[in-house]
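The values are calculated or read from the model by the stated rules, or taken from the named source; none is laboratory data. Computed from a predicted structure; not experimentally measured. Cβ sites come from the backbone with ideal geometry, for glycine too, and all protein chains shown count toward neighbours. Protein only, heavy atoms only, side chains kept; ligands, DNA and RNA dropped before computing areas. Shrake-Rupley method; radii C 1.70, N 1.55, O 1.52, S 1.80 Å.
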Amino acid sequence: EAKRLRQGVAVYNPGAEAARALHLSLLSDLATAIQHDELRQFLQPKRCVKTGRVVGAEALVRWLHPQRGWLPPGDFIPFAERSGRIRQITEWMLARAVRTLAGWAAEGREPMTIAVNISTLDLQDQALPARLAALLAEHGVDPGLLQLEVTETGLMSSSADPIAVLHALRSWGVKLAIDDFGTGQSSLAYLQHLPVDELKIDRSFVQDVHRDPRRQALLKSIVGVGQSLGLTVTAEGVENEAELACITACGCDLMQGYLLARPMDLPDFERWRGEAG
Ligand code: C2E
Ligand code: CA
Ligand code: CA
Ligand code: CA
């Protein structure tokens, strides 16, 4: 055995084999997940640091698998992206968000944005902006209430021209956010060329920020540059009061995280919103 390993001969690995089999079976299940109504849209609120007002929510997908139960996006989004299946998930998430926004408007509730996560593959779809505009028009929803979150790495790794799609989306009035900012390769200077409205600072800069003066300095400078470009700056993954105090001192505009609320299904979100005022 040791000799075979040294010679670099592939050794049977039951762990990897099982993981592969699991992925293959999930991939085939994913093909029918939408038809079988197994996806759910959870909402996590975002709050204005200064006024305390809840200004929007991020939509996060969950899969209620008939055999495996609740699956977090990390368990299926990566291979949905590799297989191209992500486009249908995005389409479903967008339709769900627009229906929710239309419902809130019909009930006369105070307007709130919903942000949907978009992947690299979606940005290669030149027809997405017009399709989305038609969906919004069909439901009479103000495009300014829909936001799309794009990761920095997604933008950099896209082969087609993702900036063209972003400009088209924005020309229809849809709002754009850069997600997980700080984790990719792009520089702050790159931001000035992107047609975006909001910068979401990755949780890795927020976590334990009160314990690390250097992280705090970094956070403060990202907030400063973002705001000088006219962007709304959001701190992601705020879990406790100490982190909140720190991101407030750094000048963040919005906060999102377990301290405020976990992602919830629509009925729970509406109940929460009613209680939060
Ligand atoms: P993300 O876009 O950065 O979303 C934030 C993630 O952080 C969510 O995980 C959320 O539940 C979690 N989170 C929020 N507040 C806190 C906090 O205070 N502490 C900690 N530790 N975590 C917090 P989730 O729902 O598991 O989603 C993971 C990732 O999956 C998302 O990261 C996003 O990249 C992707 N994703 C989720 N839904 C979709 C979708 O519909 N489409 C696409 N393309 N990607 C999605
Ligand atoms: Ca996001
Ligand atoms: Ca994020
Ligand atoms: Ca993330």
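Helical content alone sets the calculated 222 nm signal of the chain at -13000 deg cm²/dmol, taking -39,500 (n - 2.57) per DSSP H segment of four or more residues and averaging over every residue. Carbon-plus-sulfur accessible fraction, the chain (probe radius 1.4 Å, protein heavy atoms only): 53%. Build a GNM of the chain with springs between Cα atoms under 10 Å apart, and of Gly103, Gly56, Gly257 the one that fluctuates most is Gly103.
When the square roots of the Cα gyration tensor eigenvalues are ordered a ≥ b ≥ c, the ratio a/c for the stretch 213-254 is 1.5 or more and a/b does not exceed b/c, which makes its shape oblate. Need one number: % antiparallel among DSSP beta bridges in the chain, to the nearest 5. Rounded to the nearest five, the antiparallel share is 40 percent. Here the chain is scanned for GluC sites (Glu not before Pro) in DSSP loops (not H, G, I, E, B) that have at most 15 other Cβ atoms within 10 Å, and the longest stretch holding none of them is 108-238. Using every pair of separate Cα atoms, the Kirkwood estimate puts the hydrodynamic radius of the chain at 20.2 angstrom. Within the chain, helices built from complete DSSP H runs that reach 27 Å or longer along their own axis (Cα positions) and carry a mean Kyte-Doolittle hydropathy of -0.5 or higher are 14-33, 86-106.
Taking a ≥ b ≥ c as the square roots of the eigenvalues of the Cα gyration tensor, the stretch 160-210 is prolate, since a/c reaches 1.5 or more and a/b is larger than b/c.
Charge dipole (Cα centre; +1 on Lys/Arg Cβ, -1 on Asp/Glu Cβ; no other charges) of the chain amounts to roughly 460 debye. Spatially, the stretch 26-95 and the stretch 223-246 are offset by 25 Å when compared through their Cα centroids. Based on Cα contacts under 8 Å between residues 6+ apart, the chain shows a relative contact order of 17 percent. Size of the stretch 109-265 from its Cα atoms: along the principal axes, largest to smallest, the extents are 47, 38, 25 Å. Please label the shape of the stretch 32-147 as rounded, prolate or oblate, based on the square roots a ≥ b ≥ c of the eigenvalues of the alpha-carbon gyration tensor (a/c under 1.5 means rounded; beyond that, a/b larger than b/c means prolate, else oblate). It comes out prolate by the Cα gyration axes.
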